[in-house]
Amino acid sequence: LGHHDAIDDAVDLLATISADRPAIAVLGSNDRHEPVVRNPLRYFAGPTRRHPGTPLDTERLVVGLKEAGWHVLRNERITVPTSAGEIDVVGLDDPHIGADSPEQIDWAPPPDPLPLRLGVVHSPYRDVVDRFADEGFGLTLAGHTHGGQVRVPFVGALVDNCDLPLHMARGATRYADHMWLHVSAGLGTSRFAPVRFACRPEASILDLVPVRAEEPSAL
């Protein structure tokens, strides 16, 4: 989100997505505080967990998204109807700022087989992604890394502002032996650094297909 004046525009834009398909969202740190000027070398010292920026009207964003048909999940589990059947979805709030509460989730396996068990979280910290894998989820979606806050050609991400292995900082990778993890590099920039270097903006489209019984998930 990044700025309090962007809330209405963001809701209007995202309403076009939820108009004719299921839409699921989780919150990140920049949905709560405006960005601040940062030295990119600061990321090499470890995750930037402090967010001293001006607080945003996050609740107005959430209300607007829900009125537009979005499921905004804040440490919640829901079943979502899709054209392939119902899917099991868990959305955790942002672990980057300690907002995730996995203890609030009923992690019991669904009583009947479903086409997909989907985890959604803003920041792909290992303990959260491990939890989705341990609970038998087939796909986890995340963002946060910007593809690597510092990225160079032919090398890739040098940092990712969390504890995820750097080769997983962007795109789809196998996680554990049965789950896919997809981390989107995202579309935006900070108004204090309105450029992207060696990391093109992206909106990802993933095709999920049925697989053989001995291959629990495929992307």
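Limited to segment 150-161, what total is found for residues that are open to solvent by less than 20 Å² (accessible area, probe 1.4 Å) and either in contact with a Lys or Arg (Cβ under 9 Å, 6 or more places away or on another chain) or modelled with pLDDT of 95 or more (or both)?
4
Just the residues that are open to solvent by 20 Å² or more (accessible area, probe 1.4 Å) and either touching a helix residue (DSSP H, G or I) at 6+ places or on another chain (Cβ under 8 Å) or assigned to a strand (DSSP E or B) (or both), please, taken from segment 93-103.
97, 100, 102
Kindly indicate whether residue 131 is more than 28 Å from residue 210 (Cα to Cα), surrounded by fewer than 21 Cβ atoms within 10 Å (Cβ to Cβ) and of a type outside the set (Phe, Trp, Tyr).
Criteria not met by residue 131.
Against the condition in contact with a Cys (Cβ under 9 Å, 6 or more places away or on another chain), among the hydroxyl-bearing types (Ser, Thr, Tyr) and open to solvent by less than 40 Å² (accessible area, probe 1.4 Å), how does residue 123 come out, does it pass?
On the way: in contact with a Cys (Cβ under 9 Å, 6 or more places away or on another chain): yes; among the hydroxyl-bearing types (Ser, Thr, Tyr): yes; open to solvent by less than 40 Å² (accessible area, probe 1.4 Å): yes.
Against the criterion (in contact with a Cys (Cβ under 9 Å, 6 or more places away or on another chain), among the hydroxyl-bearing types (Ser, Thr, Tyr) and open to solvent by less than 40 Å² (accessible area, probe 1.4 Å)), residue 123 qualifies.
Anything in segment 179-195 that is touching a residue at least 40 places away in the same chain (Cβ under 8 Å), open to solvent by 40 Å² or more (accessible area, probe 1.4 Å) and either in a loop (DSSP other than H, G, I, E, B) or in contact with a His (Cβ under 8 Å, 6 or more places away or on another chain) (or both)? List them, or say none.
Result: 188, 191, 192.
Is it true that some residue in segment 76-92 is part of a loop (DSSP other than H, G, I, E, B) and either under 22 Å from residue 146 (Cβ atoms) or in contact with a His (Cβ under 7 Å, 6 or more places away or on another chain) (or both)?
no
Do we find that residue 199 is surrounded by 12 or more Cβ atoms within 10 Å (Cβ to Cβ) and either touching a Cys at 6+ places or on another chain (Cβ under 6 Å) or at pLDDT 90 or above (or both) in this structure?
In short, no.
What do you reckon, is residue 35 surrounded by fewer than 16 Cβ atoms within 10 Å (Cβ to Cβ), in contact (Cβ under 8 Å) with a residue 24 or more places away in the chain and assigned to a loop (DSSP other than H, G, I, E, B)?
no
Can you report the number of residues in segment 48-80 which are within 30 Å of residue 208 (Cβ to Cβ) and within 20 Å of the chain's Cα centre (by Cα)?
Counting residues in segment 48-80 that are within 30 Å of residue 208 (Cβ to Cβ) and within 20 Å of the chain's Cα centre (by Cα) gives 18.
Give the residue, chosen from 112, 106, that is assigned to a loop (DSSP other than H, G, I, E, B), modelled with pLDDT of 95 or more and open to solvent by 50 Å² or more (accessible area, probe 1.4 Å).
Being assigned to a loop (DSSP other than H, G, I, E, B), modelled with pLDDT of 95 or more and open to solvent by 50 Å² or more (accessible area, probe 1.4 Å) holds for just one of 112, 106, which is 106.
If you check residue 16 against the conditions, is it polar (S, T, N, Q), open to solvent by less than 80 Å² (accessible area, probe 1.4 Å) and out of contact with any Phe, Trp or Tyr (no Cβ under 8 Å at 6 or more places or on another chain)?
no
Scan segment 22-42 and give yes if some residue there is in contact with a Gly (Cβ under 8 Å, 6 or more places away or on another chain), of a type in the set (Lys, Arg) and modelled with pLDDT of 90 or more, otherwise no.
Residues of segment 22-42 in contact with a Gly (Cβ under 8 Å, 6 or more places away or on another chain): 23-26, 28, 30, 33-36.
Right, trim to of a type in the set (Lys, Arg) and you get none.
Scanning segment 22-42, I find no residue that is in contact with a Gly (Cβ under 8 Å, 6 or more places away or on another chain), of a type in the set (Lys, Arg) and modelled with pLDDT of 90 or more, so the answer is no.
For segment 134-168, what are the residues that are touching a residue at least 40 places away in the same chain (Cβ under 8 Å), among the aliphatic types (A, V, I, L, M) and part of a loop (DSSP other than H, G, I, E, B)?
164 - this is the single residue of segment 134-168 that is touching a residue at least 40 places away in the same chain (Cβ under 8 Å), among the aliphatic types (A, V, I, L, M) and part of a loop (DSSP other than H, G, I, E, B).
Looking at (1) outside any strand (DSSP E or B); (2) aliphatic (A, V, I, L, M); (3) modelled with pLDDT under 95, find the lone condition where residue 128 falls short.
Every listed condition holds for residue 128 apart from (3).
The values are calculated or read from the model by the stated rules, or taken from the named source; none is laboratory data. In this text the structure is predicted, and so the values were computed from the model without any measurement. With ideal geometry, Cβ positions are generated from the backbone for all residues, glycine too; neighbour counts draw on all protein chains shown. Just the protein is used for accessible areas: all its heavy atoms, side chains included, with ligands, DNA and RNA removed. Shrake-Rupley method; radii C 1.70, N 1.55, O 1.52, S 1.80 Å.
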